[in-house]
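Working notes, structure below.
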Amino acid sequence: MKEPSEDWLDEELRRLPDLEAPPDLMPKVMDAVQSRSARRWMTAMSRRHLPFLRNSGLGLALAVMVLVPWLNPGQAVLGFFRQSPFFNLVIELLSAGETILANLRIFNLPIGWLIGVVIGISYLACIFAASAIQRLASTKRL
Amino acid sequence: MVHTAPLPLIGIDGQDTSGLDARMADVQEFETLVRNYQNMVFSVAARIVGNLVDAQDISQEVFIRAYDHFDELKGSKTVGGWLRTVATNLAINHLNRYRARWRFFSEQETEIDIPAATPQTDDRRELLEIAIQKLPDAQRVPLVLFHFQELSYEEIADKLGISLAKVKTDIHRGRESLRRILTKTP
């Protein structure tokens, strides 16, 4: 081989062509791009039509505020439940339970007396407990 | 290779599809960009990392980033420079993940094992390409940045976070290795 000049390597490096990209690089890139394309497009569109979307949202909110009292959707929901067989079954079960409890005469007791007795017993229990604790404490000190 | 998979259509019949056409045109324009620059991007990555498999992953990442910035790059005259810079930075970042290995190699005086001239490596350019890939990271990266990216010694030192003297030494060593290999080959 002929002895090369001092800068022959620079020349060789300069003339070195680009490597050829593998054939599957482009399909891989384009697959990734296709999946991002829809998202990018949606973002661009929403950015472009932001005032329209904002005004539409506001208009829809106002329309809902007007329509809700007029259409009374709560009533419609209740009507739906009333017509539902499951809801009717639950009502039947509750009324059967009410009848059973009424027949046991538990609701015939005077409620005022019952509450008074419960409060009285609780009060006495508290006093007994407090005095017992005090007694135990004084015994230990002795 | 032309990718002809149809884009999923969004919308209902009779809707104005100009947006979709624009999107389709956008993707096709990007495809042209990839076709024009894929060899350059792949070469930059392959020469820096010295590994064709990693270079392909890096090239893919470069183009995905380019697509994310396509609005700014579209019609720009600096698109080639942008792609070259991103490919260089991603390739260097890739090597920096193995910084310990990089340091280890940078201290080694390695004898490069280049295959003898065979029918596959007869071409001198191919031999030079293989020799570059086989250089230790610490010699190959500064050499590639100097000769192919045309960065100055100072820029290379800054980019790699090493001293100016080390950059000069590593490039000199890399050049000596390449010169030795090429002069040995008839």
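Tabulated data
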item	result
Rounded percent of accessible protein surface that carbon and sulfur make up, segment A:24-72, 1.4 Å probe	71
In nm, spacing of pseudo-spin labels at A:Ala44 and A:Gln83 (7 Å Cα→C-beta vector)	4.8
Inter-site label distance for A:Val68 and B:Arg125 at 7 Å from Cα along Cβ, in nm	7.3
Chain A: angle of helix A:25-48 to the longest principal axis, Cα-based, in degrees nearest 10	60
Rounded accessible area of B:Glu29 (nearest 10 Å², 1.4 Å probe)	90
Phi-based couplings in Hz for segment B:44-51 (Karplus 6.51, -1.76, 1.60; Gly and Pro marked x)	4, 5, 5, 6, 7, 7, x, 8
Cβ-defined net charge surrounding A:Ile91, 15 Å radius [Lys, Arg +1; Asp, Glu -1]	-1
Per DSSP, loop GluC sites (Glu not before Pro) in segment A:9-92 with at most 12 further Cβ within 10 Å	A:Glu20
Chain lengthening between A:Ile91 and A:Gln34 when straightened (0.36 nm per residue, less Cα-Cα)	14.9 nm
In segment A:53-142, trypsin sites (Lys or Arg not before Pro) in a DSSP loop with at most 16 other beta-carbon atoms within 10 Å	A:Arg105
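The values are calculated or read from the model by the stated rules, or taken from the named source; none is laboratory data. Everything quoted here is computed from the prediction, not taken from an experiment. Cβ sites come from the backbone with ideal geometry, for glycine too, and all protein chains shown count toward neighbours. With ligands, DNA and RNA removed, areas are computed over all heavy atoms of the protein, side chains included. Shrake-Rupley method; radii C 1.70, N 1.55, O 1.52, S 1.80 Å.
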